[in-house]
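Colleague: The structure under discussion is supplied below as structure tokens; questions concerning it will follow.
The values are calculated or read from the model by the stated rules, or taken from the named source; none is laboratory data. Model, not experiment: these values are computed from the prediction. Neighbour counts are summed over all protein chains in view; Cβ atoms, including those assigned to glycine, are modelled from backbone coordinates with ideal geometry. Only protein heavy atoms, including side chains, enter the accessible area calculation; ligands, DNA and RNA are left aside. Shrake-Rupley method; radii C 1.70, N 1.55, O 1.52, S 1.80 Å.
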Amino acid sequence: MAVKVAIIGAGCSGLAAIKCCLEEGLDPTCFEKSDDIGGLWKYSETVEEGRASIYQSVFTNTSKEMMCYSDFPMPEDFPVYLHHSKILEYLHLYAEHFNLLKYIQFQTEVCSVKQSEDFTTSAQWDVEIETHDNENVKRKVMIFNAVIVGNGHYNDPYMPLNSFPGIEHFKGNYIHSRFYKTSEKYHGRTVLVVGTGNSAGDISVELSHSAKQVYLSTRHGSWVVSRISRGGFPIDMTMSRRCAVWIKNLLPNMLAAKITEKIMSGWFDHSNLGLEPKFRLKHPVVNDYLPSQILQGSIKVKPGITSFSETSVTFEDGTMAEVNEVIFATGYSSKFPFLDIKLIKLNDNDVTLYKYVFPIHLEKPTIAFLGLVQPLGPIMPTVELQARWVARVFKGAVLLPTARMMENCDSKWKDKKTKWFGAGRTQVLQIHYIDYIDAISKEIGVHPNMLYLFLTDPKLAWQVFFGPCTPYQMRLTGPGKWSGARNAILNQWKRTFQPTRTRMLNKEPQSWTRFNRMLVICAVVTALWFGTKAFSQREQSRNFTWLHDFRDTLWTRNFSWIK
């Protein structure tokens, strides 16, 4: 008999889990509380209890080629960065293409997940569900061989009001960003936004166009990067590259951190705009408009808050501001109300899971969690890879290490992560995207072998190592290999700019390619460098000082950032 798997949630994690279970011959049943798929990306004008909520103007921070599923590229006519409605459309295309909808029970809430009485021998789970059919409510318990939890961690808003003395006396309105939808009711108001995550940046910018004044309060600051990198390329496609990660892992942490900090601060001097982060490697905010709105005075950046009064707020620098509205963009807490608290320990968002997926001390590895990470990169291909691993483990094709080995691995991951990102409730789930997907891909044998690729397919190998680390790389080999992966990688830049190249000029073909120019520049610099060394000190001082100076100028201008 096929292994029966209960999947909680029909968002991007749940859909990937259904497909991966089917690929491994498992029998999935997905329970979705709402009446449609999409999870976080299913926009609603009202906030639904127990479901993630987004504001109307949400656009993605990762490009379409980076955030798609690994064997289902987004349509070529989709823009590079997508409105939430486009993501929902893509998820529907994915579900229809792989015939996933028939495995989903909509308007069905999972009330509890408990180990069966004979769990030590059967490894089964009792899943209690509540189905809403029109006005009828039915409850029943179903038995499953395994459970995948994919309901995300954006359901329970974190709003530490006890950290803001006097808030109980404030006569204005205050909400968590979860309840923000549009800027309409804030017209002409003075608004305080607390936090500097992506939501805080987006909401502040949107409000700045209609509010009387927007204050943005941040205790720790943040790097701000644009979606557009040099040359107009998507920032994530230029930065998420295997060659860059390979160099980062070779360098000492201090030097790698210094280079990363230099890249993060490359757009503008953050100290001039009050945004300079206290912790240098903080997860960046992606926002194209925040700096300009600060320079225009529409947004005023302020430090942390010391107290509230009935109509005003006092900041740590002693300044005060009269405010009508407060929006706390202070994040979320991971919460699983249907699970026994002993099963997964949550310590201020910190979870003890093997590679953020499997409970370490469970007798049988028949429950797994998807999406309990915040990668410096796309989440959809990350959870898809997790789901592929989980399905292989449930099938019995992949075995987990011993509990002690998993403990040691978890401890090393946390130590490494803390040294890089720091400690705190907002940092505990952060990971380096490529490092993490490589670790998971090796578990299931789908990690691309670079040496083999360079020997057998140099053109593809060049794109895999030096190009953007797009999800298709995880379909080149091993279980779940996709025949279209190579073509998808080689044509990823074409698909990226397909919707924007709407006006092209007929140019004369250039005789000098970029590669030729690079070779000439390298040759000239090398000749200047070694040529000056060949002259004696006396000859340099008499006749060739200008050459020596020119060489030093080249070095200073182009490589001084390393120092």
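Colleague: Per-residue accessible area for residue 81 at 1.4 Å probe radius, Å² rounded to 10?
Modeller: Per-residue accessible area (residue 81): approximately 40 Å².
Colleague: What is the sum of charges around residue 80, taking Lys and Arg as +1, Asp and Glu as -1, for the other residues whose C-beta is under 14 Å from the C-beta of residue 80?
Modeller: Summing Lys/Arg as +1 and Asp/Glu as -1 gives +1.
Colleague: Starting from the Cα of residue 163, move 7 Å in the Cα-to-Cβ direction to define the label point; list residues of the range 293-319 whose amide nitrogen is under 17 Å from there.
Modeller: From the range 293-319, the list is 302-308, 314-317.
Colleague: Could you work out, for the range 425-464, what percent of all Cα-Cα pairs fall into each 5 Å distance bin, beginning at 0 Å and stopping at the bin that holds the largest distance?
Modeller: 5, 21, 18, 19, 17, 7, 6, 5, 2, 0
Colleague: Please give the per residue accessible area of the chain, computed with a probe of 1.4 Å over protein heavy atoms only, in Å².
Modeller: That works out to 50 Å² for each residue.
Colleague: Let me ask you something else. When each pair of different Cα atoms in the range 387-509 is counted once in the 1/r mean, what is the Kirkwood radius in angstroms, to one decimal?
Modeller: 17.6 Å
Colleague: Same structure again: Run through the DSSP bridge list for the chain and note the antiparallel percent, rounded to the nearest 5.
Modeller: 45 percent
Colleague: Also: Please compute the net charge surrounding residue 461, taking Lys and Arg as +1 and Asp and Glu as -1 over other residues with Cβ under 15 Å from its Cβ.
Modeller: Computed value for this residue: +3.
Colleague: Also: Dipole of the range 333-415 (Lys/Arg Cβ +1, Asp/Glu Cβ -1, origin at the Cα centre): which of 383, 409, 399 lies farthest to the positive side?
Modeller: In the range 333-415, that residue is 399.
Colleague: Can you pull the three principal axis extents for the Cα set of the range 1-146, in Å, largest first?
Modeller: 51, 36, 23
Colleague: Shifting gears a bit: Whenever you get a sec, line up 450, 159 from highest to lowest accessible area (probe 1.4 Å, protein heavy atoms).
Modeller: 159, 450
Colleague: Determine, from the Cβ-Cβ distance of residue 44 and residue 278 and an R0 of 35 Å, the FRET efficiency 1/(1 + (r/R0)^6), rounded to the nearest 0.05.
Modeller: The formula returns an efficiency of 0.45 here.
Colleague: Hey, could you get me the Stokes-Einstein D for the range 248-385, Kirkwood radius over alpha-carbon pairs, 4 °C and 1.567 mPa s, rounded to whole µm² s⁻¹?
Modeller: Diffusion coefficient, whole number: 67 µm²/s.
Colleague: Still on this structure, please answer the following. Along the Cα→Cβ direction, 7 angstrom out, place labels at residue 114 and residue 321. What is the inter-label distance in nm?
Modeller: The answer from the label model is 5.0 nm.
Colleague: I'm checking a number: the convex hull volume of the Cα atoms of the range 305-368, normalised per residue, in Å³. What is it?
Modeller: Convex hull volume per residue, Cα atoms: 145 Å³.
Colleague: Same structure again: Say R0 is 22 Å: what FRET efficiency, to the nearest 0.05, do residue 97 and residue 494 get from their beta-carbon distance?
Modeller: With a Förster radius of 22 Å, E is 0.55.
Colleague: Taking 2.2 N^0.38 Å as the expected size of a compact globular protein, what ratio does the Cα radius of gyration of the range 1-60 give against it, to two decimals?
Modeller: With N residues counted in the range 1-60, Rg over 2.2 N^0.38 Å equals 1.32.
Colleague: Where the Cα atoms of the range 389-451 are projected onto their three principal axes, how long is each span, largest first, in whole Å?
Modeller: Each principal axis gives a Cα extent; for the range 389-451 these are 36, 32, 19 Å.
Colleague: Separate question: Toward the positive end of the charge dipole of the chain, about the Cα centre and with charges on Cβ (Lys, Arg +1; Asp, Glu -1), which of 287, 437, 489 goes farthest?
Modeller: Final value for the positive-end residue is 489.
Colleague: Under a Cβ-only charge scheme (Lys and Arg +1, Asp and Glu -1), can you give me the dipole magnitude of the chain about the Cα centre, in debye to the nearest 20?
Modeller: Using only the charged Cβ atoms, the result is roughly 2360 debye.
Colleague: Quick check: with the 1.4 Å probe, what order do 477, 314 take by accessible area, largest first?
Modeller: 477, 314
Colleague: Please list, short to long, the whole-number percent of alpha-carbon pairs of the range 171-325 in consecutive 5 angstrom bins beginning at zero.
Modeller: Going from the shortest bin to the longest, the percentages are 2, 9, 17, 19, 18, 13, 9, 6, 4, 2, 1.
Colleague: Here is a further query. In whole percent, and with a 1.4 Å probe on the protein chains, what portion of the accessible area of the chain is carbon and sulfur?
Modeller: After summing per-atom areas, the C and S share lands at 54 percent.
Colleague: Dimensions of the chain along principal axes (Cα, Å, largest first)?
Modeller: 94, 67, 53
Colleague: How much solvent-accessible surface does residue 98 expose, in Å² to the nearest 10, with a 1.4 Å probe and all protein chains in place?
Modeller: Using a 1.4 Å probe on the heavy atoms, I get roughly 60 Å².
Colleague: Kindly list the residues of the range 407-441 that lie in the label zone of residue 250, defined by a backbone N under 19 Å from the point 7 Å along the Cα-to-C-beta vector.
Modeller: Flagged as within label range: 434-435.
Colleague: Then there is this: Lys and Arg at +1, Asp and Glu at -1: add these up for the other residues within a Cβ distance under 12 Å of residue 401 and post the number.
Modeller: The answer is -1.
Colleague: Using a Förster distance of 56 Å, how high is the FRET efficiency between residue 220 and residue 128, based on the Cβ-Cβ distance and rounded to 0.05?
Modeller: It comes out at approximately 0.85.
Colleague: Oh, and also: So if I take the centroid of the Cα atoms in the range 433-482 and the same for the range 378-420, what is the distance between those two points in Å?
Modeller: Result: 18 Å between the Cα centres.
Colleague: Round to the nearest 10 and report in Å² the accessible area of residue 84, as given by a 1.4 Å probe over the protein chains' heavy atoms.
Modeller: 10 Å²
Colleague: Can I ask one more? Determine the order of 103, 354 by accessible area, beginning with the largest, at a probe radius of 1.4 Å.
Modeller: Sorted by accessible area, descending: 103, 354.
Colleague: Want the number for residue 1 to residue 268: 0.36 nm per residue separation, take away the alpha-carbon distance, what's left?
Modeller: My answer for the length gained is 90.1 nm.
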